Amino acid sequence: SEKCLEILESWDFAFVPQVLSFLRADNESISSAVRNFQPASLDRYILVERFASKFVEADEADILKREAKRDYYRALAHAALRFRSKAFWQYHQNGLKTIGKKIDWACVTFLAACDIGWMLLNPGNTIERAIRSWKK
């Protein structure tokens, strides 16, 4: 995705009605090694940060950046509540470095606290989610 956006910065876009790529999802794939690190949330945040201002108007880019950051930090808050490994957090630290950012731990903590509050205020839903996760 990132390479496509880099190319589109300088070239025009055209539609080709043919499959030109694929994603291999079996265990031998390169991406399987990082699947547990939730790379999609980090990737989307990085792409929006890097390219939104280049492809859409400034006000729309600001909205996209806020939404991408909010979604990304919600994913990190959920990960914090699941006590993810040190390798998970290092992966995200390294990814954010590519755009000159660091994990905003205050934001992660705040959103995790909000999630805990929501779980406490909605015990029925919390129990239902816990049962579903145990069945997996």
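What shape does the range 56-99 have by the C-alpha gyration tensor, where a ≥ b ≥ c are the square roots of the eigenvalues, rounded means a/c under 1.5, and otherwise prolate means a/b greater than b/c and oblate the rest?
oblate
For the chain, give the percent of accessible area contributed by carbon and sulfur heavy atoms, probe 1.4 Å, rounded to a whole number.
Roughly 59 percent of what the probe reaches on the chain is carbon or sulfur.
Students often check this: by mean Cβ neighbours within 10 Å, which of 99-112, 122-135 ranks highest, and how do the rest follow?
So the order, starting with the most tightly packed, is 99-112, 122-135.
Per-residue HN-Hα couplings for the range 75-82, Karplus 6.51 cos²θ - 1.76 cosθ + 1.60 at θ = phi - 60°, whole Hz, x for Gly and Pro?
Here the 3J(HN,Hα) series is 4, 5, 4, 4, 5, 4, 6, 9 Hz.
How would you classify the range 58-129 from its alpha-carbon gyration tensor, with a ≥ b ≥ c the square roots of the eigenvalues: rounded for a/c under 1.5, else prolate if a/b is greater than b/c, otherwise oblate?
oblate
What percent does the relative contact order of the chain come to when contacts are Cα pairs within less than 8 Å and at least six residues apart?
In percent, rounded to a whole number, it is 21.
What whole-number value in Å² describes the accessible area per residue of the chain for a 1.4 Å probe?
Roughly 76 Å² per residue, with all protein chains present.
Taking a quarter of the surface of the convex hull around the Cα atoms of the range 91-136, what do you get in nm²?
Mean projected area of the Cα convex hull: 4.5 nm².
The values are calculated or read from the model by the stated rules, or taken from the named source; none is laboratory data. Small disclaimer: the values here were computed from a predicted structure and weren't measured. Note that we place each Cβ from the backbone using ideal geometry, even for glycine, and neighbour counts take in every protein chain shown. Side chains included, ligands, DNA and RNA excluded: accessible areas come from the protein's heavy atoms. Shrake-Rupley method; radii C 1.70, N 1.55, O 1.52, S 1.80 Å.
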